[in-house]
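Only one structure is covered here, and it is reproduced in the block below.
The values are calculated or read from the model by the stated rules, or taken from the named source; none is laboratory data. These figures come from a predicted structure and were not determined experimentally. Here the Cβ positions follow ideal geometry from the backbone for every residue, glycine too, while neighbour counts run over all protein chains shown. For the accessible areas, the whole protein counts, side chains as well, though only heavy atoms, and no ligand, DNA or RNA atoms are used. Shrake-Rupley method; radii C 1.70, N 1.55, O 1.52, S 1.80 Å.
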Amino acid sequence: MPAPSGPSRLLRLLRRNLVVIAGLATLCYLLLPNVIVTVFSFNKPNGRFNYEWQRFSTDAWADPCGVADLCGSLSLSLRIAVWATIGSTVLGTMIAFALARYRFRARSSVSTLLFLPMAMPEVVMAASLATLFLNMGVSFGFWTILIAHIMFCLSFVVTAVKARVMSMDPRLEQAAQDLYATPLQTFLRVTLPIAAPGIAAGALLSFALSFDDFIITNFNAGSTVTFPMFVWGSAQRGTPVQINVIGTAMFVIAVLCVLVGQLAGGRRKRS
């Protein structure tokens, strides 16, 4: 039987590894903007815009707060993201347990309403919340942004935690009760550890969505400027290199958190 020619061997190799090649190509496509942001964080542009490579410099890394109001807006965004994560995670976890464990008359309607913020355009929810705050006479600022962020992060937490709770085996809790564990002990030692991955996933997603949000924040911020709003305003009059520095640092921190979580999960499985 004749040996396969070069082109046929290449086609066979491509068919066998098509999924892997497509996955790697997609990953490279998704990571390319982060690579560009990282590279240009070491640039020293001649003008106001950091769009063309000029020469290598670490000046922006040495002074990341060298631009006025940059670190102030970054600190504000981090504070809002932390409080929005805490609020949406606590409320979302309780709602998810109620929807997964209990049967009540409006259960399906509540599930549908919680899904709507994820399905509708952000501008619709932003305008609705802005109209609500205006009609109530509430001053726009930190608290209106925080309430708006908790509102749209809540749906993502409920979805993540509910999926985890519904996959739990109820016999584990029944076994704990048979061993004379109190309801609090059962929840803390059985239910909560099993639901923890879903709660953590919802919390991380809430933090990322809150920190990165622009549309809803822009409608409900008033004169308050968060980091995404600062970036948008800077892009119109000149993009400082420090924005790339902050973006690179956030990306590296996120990757490190994922790696630590993967290593901790793998070590837990082996033990």
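The range 100-115 and the range 1-62 have Cα centres spaced 45 Å apart.
Suppose every Lys and Arg Cβ carries +1 and every Asp and Glu Cβ carries -1, with no other charges. What dipole size does the range 155-271 come out with about its Cα centre, to the nearest 20 debye? Can you show the working numbers first?
Working: 9 positive and 5 negative charges, 76 e Å.
Taking the Cα centre of the range 155-271 as origin, the dipole is about 360 debye.
Springs between Cα atoms under 10 Å define the GNM used for the chain, and in it the highest mean-square fluctuation of Asn244, Asn50, Asn135 occurs at Asn135. Label positions at Leu256 and Lys269, each projected 7 Å from the Cα along the C-beta direction, are separated by 2.5 nm. From the residues Leu132, Leu74, Thr159, which one has its Cα farthest along the dipole of the chain in the positive direction, the dipole being from +1 and -1 charges on Cβ of Lys/Arg and Asp/Glu about the Cα centre? The one lying farthest along the dipole's positive direction is Thr159.
When +1 charges are put on Lys and Arg Cβ atoms and -1 charges on Asp and Glu Cβ atoms, the dipole computed for the chain relative to its Cα centre reaches about 1140 debye.
Of the options [x] 253; [y] 150; [z] 165, only one is volume of the Cα convex hull per residue in Å³ as computed from these coordinates, and that is [x].
DSSP loop (so not H, G, I, E, B), at most 11 other Cβ within 10 Å: list which chymotrypsin sites (Phe, Trp or Tyr not before Pro) in the range 1-89 pass both filters.
On the way: sites: Tyr29, Phe40, Phe42, Phe49, Tyr51, Trp53, Phe56, Trp61, Trp83; in loops: Phe42, Phe49, Tyr51, Trp53.
Those that pass, being in a loop and sparsely packed, are Tyr51.
Comparing Thr159, Thr93, Thr186 in a Gaussian network model of the chain where C-alpha atoms under 10 Å apart are linked, the largest mean-square fluctuation is found at Thr186. Treating each Cα of the range 57-191 as one equal point scatterer and applying the Debye formula with no solvent, the log10 of I(q)/I(0) at q = 0.09, 0.13, 0.14 Å⁻¹ comes out as -0.45, -0.77, -0.83.
Taking all protein chains together and rolling a 1.4 Å probe, Ile194 ends up with roughly 40 Å² accessible. Note on Ala181 and Trp53: their simple-model spin labels are 5.7 nm apart, each label 7 Å out from Cα toward Cβ. Computed from backbone phi, the HN-Hα couplings of the range 22-33 come to 5, x, 5, 5, 5, 4, 5, 5, 6, 8, 4, x Hz, rounded to whole numbers (Karplus: 6.51 cos²θ - 1.76 cosθ + 1.60, θ = phi - 60°; Gly and Pro given as x). Among the protein heavy atoms of the range 178-248, carbon and sulfur supply 69% of the accessible surface, probe 1.4 Å, non-protein parts ignored.
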